[in-house]
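This report concerns only the one structure given below.
Every number here is computed from the coordinates shown, using simple stated rules; none is lab data. Everything numeric in this text was worked out from a predicted model, so none of it was measured. We place every Cβ from the backbone using ideal geometry, glycine too, and count neighbours over all the protein chains shown.
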Amino acid sequence: FDPEKITVIFVLGGPGAGKGTQCENLKRDYSFKHLSAGDLLREEQDRPGSQFGQLIKDYIREGKIVPMEVTIQLLENAMRAAIDDEGKTKFLIDGFPRKVDQAHAFEASVCPSKFTLFFDCSEEVMEARLLNRGKTSGRADDNPESIRKRFRTFVETSMPVVDEFSAQDRVVRIEANQPPTAIYDIVKVRLAARGI
Ligand code: UP5
Ligand code: MG
């Protein structure tokens with residue numbers, strides 16, 4: 001992908017921080033394409049004949065990170081399919097990269113990111129949101145045990161990605177312990193400051 005034409009913004013944050021919710025707002029109001037790595041993995045899991053179905057299912061339930069070969073291929077395919085005719089496209093890559101080596105691989109082999117939007121939310125608040133969603137979501141990982149594992153993976157493995165980007169001044173951090181509309185108001189201001 002040509003970084004002159006393609007804009008990639010990573011959207012990170014713990015499980016239930018509100019990544020998907022805010023991406024939908026941005027997709028509605030800006031010309032972003034929203035690609036959720038978790039959604040792409042769940043689609044691949046359910047695709048008849050997928051050789052990765054069982055693997056993805058096991059990893060998601062355990063809150064573990066699916067090998068990046070699978071996720072990067074899914075993201076790359078989805079990006080190719082979503083690119084506009086003239087080639088200029090802005091992507092929100094939601095929930096990826098979740099590991100430092102994934103960040104390096106994606107930026108080297110697919111496209112460098114412009115910056116990362118990081119939704120910073122307390123575990124207490126995220127847990128309440130996920131348990132509430134779990135009543136109706138049907139997601140195999142919205143149960144107390146999987147949530148605990150997801151939090152652990154986030155702290156141990158995914159936060160280092162945010163820390164590394166942060167040290168390079170490539171993170172826009174948003175306080176996410178507040179109602180969705182309040183968060184979104186801040187997001188808009190902070191994006192404008194970055195020329196979006
Ligand atoms: N909600 C949202 N914002 C709110 C607010 N401000 N106030 C009150 N409620 C709010 O929101 C979660 C819930 O909270 C919803 O009910 C929402 O209405 C409410 P959502 O916007 O969905 O939060 P999000 O951060 O997107 O939470 P999600 O559960 O999707 O986060 P995860 O990061 O856990 O899930 P994801 O789908 O990205 O990944 C799932 C699994 O896939 C991972 O654990 C991993 O096993 C695997 N995976 C990989 O292996 N590799 C990848 O690259 C990506 C995923
Ligand atoms: Mg999500």
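What the table below lists for this structure:
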read-out	value
Calculated FRET efficiency for the pair ASP85/ARG170, C-beta based, R₀ 35 Å, to 0.05	0.75
Amide H contacts under 5 Å for LEU117, placed H, 5+ residues apart	PHE10, VAL11, LEU12, VAL172
Cα→Cβ-extended label distance, 7 Å offset, between GLU62 and VAL100, nm	2.3
Under 25 Å, Cα to Cα: Lys pairs in the range 50-166, sequence gap 8 or more or different chains	12
Value at 222 nm in deg cm²/dmol, rounded to 500, when DSSP H runs of n ≥ 4 in the chain each add -39,500 (n - 2.57)	-16000 deg cm²/dmol
Selection from ALA108, GLY95, LEU41 lying farthest towards where the dipole of the range 40-117 points positive, charges on Cβ	GLY95
In nm, spacing of pseudo-spin labels at ALA182 and SER31 (7 Å Cα→C-beta vector)	3.4
Kirkwood Rh and Cα Rg combined as Rg over Rh, evaluated for the chain	0.94
Listed peptides 166-179, 63-76 by packing density, highest first (mean Cβ within 10 Å)	63-76, 166-179
Computed label-point distance, nm, for sites SER50 and ASP120 using a 7 Å Cα→Cβ extension	3.4
